[in-house]
1. With the structure loaded, tell me whether PHE105 is out of contact with any Leu (no Cβ under 6 Å at 6 or more places or on another chain), farther than 14 Å from ILE6 by Cα, outside the structural domain of ILE204 (by TED's automatic domain parsing) and surrounded by fewer than 17 Cβ atoms within 10 Å (Cβ to Cβ) or whether it fails that test.
2. Given the criterion among the hydrophobic types (A, V, I, L, M, F, W, C), within 20 Å of the chain's Cα centre (by Cα) and surrounded by fewer than 17 Cβ atoms within 10 Å (Cβ to Cβ), identify the matching residue among ALA17, ALA34, ALA42, ALA25.
3. Could you grab the pairs with beta carbons closer than 8 Å, sequence gap of 6+ or different chains, first residue in region 72-94 and touching a residue at least 24 places away in the same chain (Cβ under 8 Å), second one open to solvent by 60 Å² or more (accessible area, probe 1.4 Å) and within 16 Å of the ligand (Cβ to nearest atom)?
4. Evaluate the following for ARG199: is it under 20 Å from the mean Cα position of the chain (by Cα) and at pLDDT 85 or above?
5. CYS66 fails exactly one of the following numbered conditions: (1) within 16 Å of the ligand (Cβ to nearest atom); (2) in contact with a His (Cβ under 7 Å, 6 or more places away or on another chain). What is the number of that condition?
6. Take region 56-82 and flag every residue that is open to solvent by less than 10 Å² (accessible area, probe 1.4 Å) and among the aliphatic types (A, V, I, L, M).
7. So if I check each of ARG188, ARG144, ARG171, which one is out of contact with any Ser or Thr (no Cβ under 8 Å at 6 or more places or on another chain) and surrounded by 13 or more Cβ atoms within 10 Å (Cβ to Cβ)?
8. Give me the residue from region 26-60 that is in contact (Cβ under 8 Å) with a residue 60 or more places away in the chain and in a helix (DSSP H, G or I) and, out of that set, nearest to the ligand (Cβ to nearest atom).
Amino acid sequence: MDAAHILVVEDEPKLAALLRDYLLAAGHSVECLANGLQLIPAVQAREPDLILLDLMLPGRDGLSLCRELREFSDVPIMMITARVEEIDRLLGLDSGADDYICKPFSPREVVARVRAILRRREPRGASASSALALDEGSWKASYRGVEMDLTPVEFRLLNCLASAPGQVFSRDQLLDRLYPDHRVVTDRTVDSHVKNVRRKLEQIDPSCTPIQSIYGVGYRFEL
Ligand code: CA
C-alpha cells in the first residue's frame, strides 16, 4: 500500500501520540491537531489522504467539521467517538464520515481500518485529478477546494493540460487550444500564461507544481 498523509484531530495528547506512533510505524506520514478550529485551514493548505477526527474537540465539534469538509472535499474521514451510542446518532445525522470507531479502541484496529479505507480509494490518477475541479460551463476552477481566479485563457490552458494528465503538449498545440481564433501570438505567450497558472496553484499549495516544463518540447500536467 502507498504511504498516506493522515491528519489526526484529537485533543487527548496521549491518544493522539499513540495513534501517531502506530500510523508512522505503518509507513504513513502524520500531522496532529488538537483544536477543531485548526482543521479546515490545515486541509485547505494540504489535503490529507485521510482524517481521523475526534467528535468532541475544543474549538469546534467533529460533526460540524465533518459537514463543512464535505462541502469541498471527499477526503475519507474516520470519526472517533467516546460512546457506542454516538455512532448510531451520527449515522442518523448523515455526518458524511466514512467510518466510525469508538473509544477505547485498539490502535492496531485503527491502522487496519485506515488501510481498508485507503484501499477503497480511487486509483491515484483519478484522485489526483479530482483535487482539481474545472467547470467548463461556468469557467470556474478550484484546486483542493479553493476557488482559483483564472482568466479565460488561463482556464483553457489548465483545462487542456489537466484533461490529459501525463501527456506532453507542445507550445504550438497549446496555442491552438488557447486561441481558437488563431490570433497571432508567440510561444512566449504560452510561457507567461503557464507562469501565471503555476503561481495561482502554488498560492493554494506551495508544494504543488503539477505543470512541468519539458525542455525543448512543451508542458505536461501531472499531480
Ligand atoms: Ca476529545
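1. yes
2. Details: ALA17 fails: within 20 Å of the chain's Cα centre (by Cα); ALA34 fails: within 20 Å of the chain's Cα centre (by Cα); ALA25 fails: within 20 Å of the chain's Cα centre (by Cα).
Just one listed residue meets the conditions, ALA42.
3. Once the first residue is touching a residue at least 24 places away in the same chain (Cβ under 8 Å) and sits in region 72-94, its partners that are open to solvent by 60 Å² or more (accessible area, probe 1.4 Å) and within 16 Å of the ligand (Cβ to nearest atom) give ALA82/MET56.
4. yes
5. Failing condition for CYS66: (2).
6. Once the filter is applied, which keeps residues that are open to solvent by less than 10 Å² (accessible area, probe 1.4 Å) and among the aliphatic types (A, V, I, L, M), region 56-82 yields LEU65, LEU69, VAL75, ILE77, MET78, MET79, ILE80.
7. Values: ARG188 fails: surrounded by 13 or more Cβ atoms within 10 Å (Cβ to Cβ); ARG144 fails: out of contact with any Ser or Thr (no Cβ under 8 Å at 6 or more places or on another chain).
One residue alone meets the criteria, ARG171.
8. Within region 26-60, the first condition is being in contact (Cβ under 8 Å) with a residue 60 or more places away in the chain, and the residues that meet it are 26, 28, 43-47, 49-50, 52.
Those left that are additionally in a helix (DSSP H, G or I): 43-45.
Numbers: VAL43: 19, GLN44: 23, ALA45: 23 Å.
For region 26-60, the residue satisfying everything is VAL43.
The values are calculated or read from the model by the stated rules, or taken from the named source; none is laboratory data. On a predicted model such as this, the values are computed, not experimentally measured, just so you know. Heads up, the Cβs are rebuilt from the backbone with ideal geometry, glycines too, and the neighbour counts pull from every protein chain shown. Side chains are part of the model used for accessible areas, which takes the heavy atoms of the whole protein and leaves out ligands, DNA and RNA. Shrake-Rupley method; radii C 1.70, N 1.55, O 1.52, S 1.80 Å.
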